[in-house]
Each structure stands twice: as C-alpha cells, then as structure tokens.
Amino acid sequence: MATSLNIQPLNLPIAPGKNGVVRVSGTRVTLDTVIHAFLRGATAEEIAQQYPTLELPDVYATISYCLQNTDEVNAYLDKRMKHAQAVKAENRKRFDQSGIRERLLARKL
C-alpha cells in the first residue's frame with residue numbers, strides 16, 4: 001500500500017528588520033540569540049521554553065537554516081559582533097566610566 005505525503009516548502013521564520021537585525025518573525029528575539037543559545041548546547045525545546053514568544057517549529061526551522069547556511073550566518077554574526085564592539089567603544093569614549101563606582105557609593109551615603 002503506497003501512501004502519499006504532501007511535502008510543503010518550509011517557510012523560513014526569520015526576517016531582517018529595518019535596521020538589518022534578523023529576528024524570528026513575529027517576535028523581538030534575534031537570530032543571534034537563538035544561535036548563541038544553540039551553540040552553548042541548548043536544545044530547540046529549551047530555547048523555546050526560555051523565550052516564550054518563540055514557537056518550537058520556528059526554533060527548529062531557524063536552527064536548520066543556520067546549519068545549512070553556516071558561512072552566511074557566521075558572516076552575519078561576525079558583522080553583528082563587530083558592530084556591538086564598535087558601539088561599546090563609542091560609549092566608553094562618550095561616557096566617562098572612571099570613578100563611577102565611587103560616585104555611586106558616595107550617592108548612597
């Protein structure tokens with residue numbers, strides 16, 4: 001007895017926002033967040049549980065996309081990391097952090 005399986009194309013649940021940050025569609029959870037959790041050893045179920053706005057099939061689809069497009073995803077993650085480092089460096093220049101602990105402790109008294 002032959003059975004028929006209607007195979008549908010997978011809808012990719014991620015999309016870039018207006019600022020270029022890729023998020024899981026319908027959520028504020030970034031691709032970076034999902035992939036870093038996965039690379040730290042979290043399962044798709046654990047990721048979905050940690051971020052309640054994520055649907056489990058979307059987490060699996062996101063991980064699958066990343067595993068199939070590692071070069072592209074790694075380039076994106078590298079670019080995001082460099083941007084984050086640049087923002088951090090700019091903030092250090094703009095906001096003097098020297099003596100901040102002492103100033104906060106002095107306020108408390």
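The set of residues in segment 41-71 being of a type in the set (D, E, K, R) and exposed (fewer than 12 other Cβ atoms within 10 Å of the Cβ) consists of Glu45, Asp71. Residues of segment 1-40 that are out of contact with any strand residue (DSSP E or B) (no Cβ under 6 Å at 6 or more places or on another chain), hydroxyl-bearing (Ser, Thr, Tyr) and surrounded by 12 or more Cβ atoms within 10 Å (Cβ to Cβ): Thr27, Thr33.
Conditions tested, residue by residue: (1) within 19 Å of Pro13 (Cα to Cα); (2) part of a loop (DSSP other than H, G, I, E, B); (3) modelled with pLDDT of 95 or more.
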{"residue": "Gly41", "(1), (2), (3)": "no, yes, yes"}
{"residue": "Ala61", "(1), (2), (3)": "yes, no, yes"}
{"residue": "Ala75", "(1), (2), (3)": "no, no, yes"}
{"residue": "Arg103", "(1), (2), (3)": "no, no, no"}
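With respect to Arg80, is the statement that it is over 19 Å from Ala15 (Cβ atoms) and part of a helix (DSSP H, G or I) true? So Arg80 fails the test.
Of all the numbered requirements in (1) in contact (Cβ under 8 Å) with a residue 24 or more places away in the chain; (2) touching a Leu at 6+ places or on another chain (Cβ under 8 Å), Ala44 misses one, and that requirement is (1).
The values are calculated or read from the model by the stated rules, or taken from the named source; none is laboratory data. Predicted model, so just to flag it, every value in this text is computed and none were measured. When we count neighbours, we look across all protein chains shown, and the Cβ atoms used for this are built from the backbone with ideal geometry, even at glycine.
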